[in-house]
Amino acid sequence: MKRLKLLLIIVAILAAGVALFIFTRPKPYVPKVVIKMLEDGRYQLFVREKPYFIKGVCYNPTPIGEGYDYDLGKDKFEPWLVDAKLMQEAGINTIRLYRDSEDPEGLKKAIKHLYENYGIRTILGHWLGFWNYPQPAYADPEFRERIKKEVLDMVNTYKDEEGMLFWVLGNENNYSFSGRVNSWYCQEAEGKDPTTAINIKAKIYYSFVNEIASAIHEIDPDHPVGLGNGELACLDMASEVSPEIDFVAVLMYRGRSFGNTFNFLKKIFNKPLVFVEFGADAYNSYKKEEDEEMQAFFLESQWKDLYKHSGFSLDGAGNCLGGTMFEWSDEWWKHNSDIPAGWREHDVDAGWSSGSYYLDIKAEKNLNMNEEWFGIVGISEEKEAGINKRTPRAAYYKLKEFWQSKKDF
């Protein structure tokens, strides 16, 4: 009997020890925002351990009369107070900001309000010096160190905001490799044939982005880091030198659909993707009139394509995490960006051509892409509480209807 009692005491002590170990041992750290590969190879984004599909807009609510130097954090009229309600009603859950603010507290206020009151999260980006003057210098150690410090300062400033979703490094910086936009000097590429020169610059730039991404991961394990890239150009090089990148942030204008983009990316750089800039304008350059239905047609088709190739669908590639369309509201300064006198005119002149938007490609000289008309919300000179009045377009309501039909995200 004594032996039995002793045995029971020992068992009880062991059980108590096991229970204590189970309940007191440190739990594995789970990032607030994480990208997971599912068992079948599809990708999904998880926020606080719940699946999240990005239904977003690029957000730069420049008032009529202001231009490229508009700073959301310094806007005393706080336009997000009006915009957030409209966004939530449409089903939008994410905004993309191209850069941070010279007034960090003002921008934090916006991020906080959007999230706490409307559940809208924020993607924050950095140009990586692409629009600096003089041009960027990605082969220069001093330039690289300065830009890296700027990015890490930004991350440290905003990483603890609950509304943050992730970071995007660069925008269309890969277009500089060929000298097409913002060409930069690189001694290693001098005298080389064009293809070799592009590859050399691509390796230098993507290695730099990888270095920054690695440093971000060290100070902020909670938010993934994306590589902002124009189309899929040069991503074969990124696949070799940018292992720290969590996803590809693609900027692409392809008309009704994105074609083979999803499967092609799998082959050259098997990372999930987010379309951080895409869209359609609301001005028909052929008819020379506003055309809301044309915009709604293209945007609905594009969003259907994104969803088809998301981890929520079994029909496509399964590597799309969603997107942020260009854009929330019209920007009247875009066509004559260097002429402030023109910032109060809603210009109807197209700036470039794309045959993918075939409904108005017969415009004069085939110029059919109108930079000042991409908003799914139009703005007018009439003001309410200091803010240009918002008028949702047909695309706004079409997307609201589409997102409401999808109950799985």
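Annotations
- Debye, to nearest 20: dipole size of the range 173-240, +1 on Lys, Arg Cβ, -1 on Asp, Glu Cβ: 320 debye
- Per-peptide packing, taken as the mean over residues of other Cβ atoms within 10 Å, places 244-255, 130-141 in the sequence 244-255, 130-141 from highest down.
- Among the listed pairs Lys362/Lys389; Lys74/Lys308; Lys50/Lys308, those beyond 28 Å (Cα-Cα): Lys362/Lys389; Lys74/Lys308
- Phi-derived couplings, Karplus 6.51 cos²θ - 1.76 cosθ + 1.60 at θ = phi - 60°, listed residue by residue for the range 157-164: 6, 10, 5, 8, 6, 4, x, 6 Hz, with x used for Gly and Pro.
- Mean ellipticity per residue at 222 nm, deg cm²/dmol - from DSSP H runs of n ≥ 4 across the chain, formula -39500 (n - 2.57): -11000 deg cm²/dmol
- Most mobile listed residue (Phe264, Phe208, Phe374) in the chain, GNM with C-alpha springs under 10 Å: Phe264
- Scanning residues 5 or more positions from Glu290 or on other chains, those with amide H under 5 Å from its amide H are Asn284, with H placed 1.01 Å from N in the peptide plane.
- Approximate spin-label separation Glu49-Lys406, in nm, with each point projected 7 Å along Cα-to-Cβ: 2.5 nm
- Cα shape, the range 263-337, gyration tensor, a/c 1.5 rule: prolate
- 3J(HN,Hα) couplings calculated from phi for the range 370-383 with the Karplus curve 6.51 cos²θ - 1.76 cosθ + 1.60 (θ = phi - 60°) are, in sequence order, 9, 4, 8, 10, 8, x, 7, 10, x, 10, 10, 6, 5, 10 Hz; Gly and Pro show x.
- Projecting the Cα atoms of Gly125, Val225, Gln135 onto the charge dipole of the chain, computed from C-beta unit charges around the Cα centre, puts Val225 farthest toward the positive end.
- Unit charges on C-beta of K, R, D, E only; dipole of the range 158-289, Debye: 820 debye
- Residues with amide H under 5 Å from that of Met325, placed H, sequence gap 5 or more: Gly56, Val57, Cys58
- Here's how it looks for Gly228: its modeled amide H is under 5 Å from those of Leu169, Gly170, Ala249, which are all 5 or more places away or on a different chain.
- Rounded to the nearest 20, the Cβ-based charge dipole of the chain about its Cα centre (Lys and Arg +1, Asp and Glu -1) stands at 2420 debye.
- The mean sequence separation of alpha-carbon pairs under 8 Å and at least six residues apart, normalised by the residue count of the chain, gives a relative contact order of 17 percent.
- Residues in the range 150-174 that a label on Ile219 would reach, taking backbone N under 19 Å of a point 7 Å out along Cα→Cβ: 150-170
- Ordering 191-202, 299-310, 213-224 by mean Cβ neighbour count within 10 Å, with the highest value first, yields 299-310, 213-224, 191-202.
- Label-point gap, in nm, between Tyr286 and Ile339 - each point 7 angstrom along Cα→Cβ: 2.8 nm
- The angle separating the long axis of helix 104-118 from the principal Cα axis of greatest extent in the chain is about 70 degrees.
- Between 0 and 90°, nearest 10: helix 80-90 axis offset from the chain longest Cα axis: 80 degrees
- Whole-Hz ³J(HN,Hα) from phi, Karplus 6.51 cos²θ - 1.76 cosθ + 1.60, for the range 189-198, glycine and proline x: 8, 4, x, 8, 5, x, 5, 5, 4, 5
- The candidate values were (i) 190; (ii) 165; (iii) 134; the one computed from these coordinates for volume of the Cα convex hull per residue in Å³ carries the label (i).
- Angle in degrees between helix 394-404 and the longest Cα principal axis of the chain, rounded to the nearest 10: 20 degrees
- Of the residues Tyr70, Pro51, Pro104, the one whose Cα sits farthest towards the positive end of the charge dipole of the range 24-121 is Pro51 (charges of +1 on Lys and Arg Cβ, -1 on Asp and Glu Cβ, taken about the Cα centre).
- Unsatisfied cross-links (Cα-Cα over 20 Å) in the set Lys148/Lys203; Lys36/Lys400; Lys287/Lys383; Lys32/Lys398: Lys36/Lys400; Lys287/Lys383; Lys32/Lys398
Any read-out appearing in this document is the output of simple, stated calculations on the displayed coordinates, not a laboratory observation. As the structure is a computational prediction, the values presented were derived from the model and not from experiment. Reconstructed Cβ throughout: ideal geometry from the backbone, glycine too, with neighbour counts over all protein chains shown.
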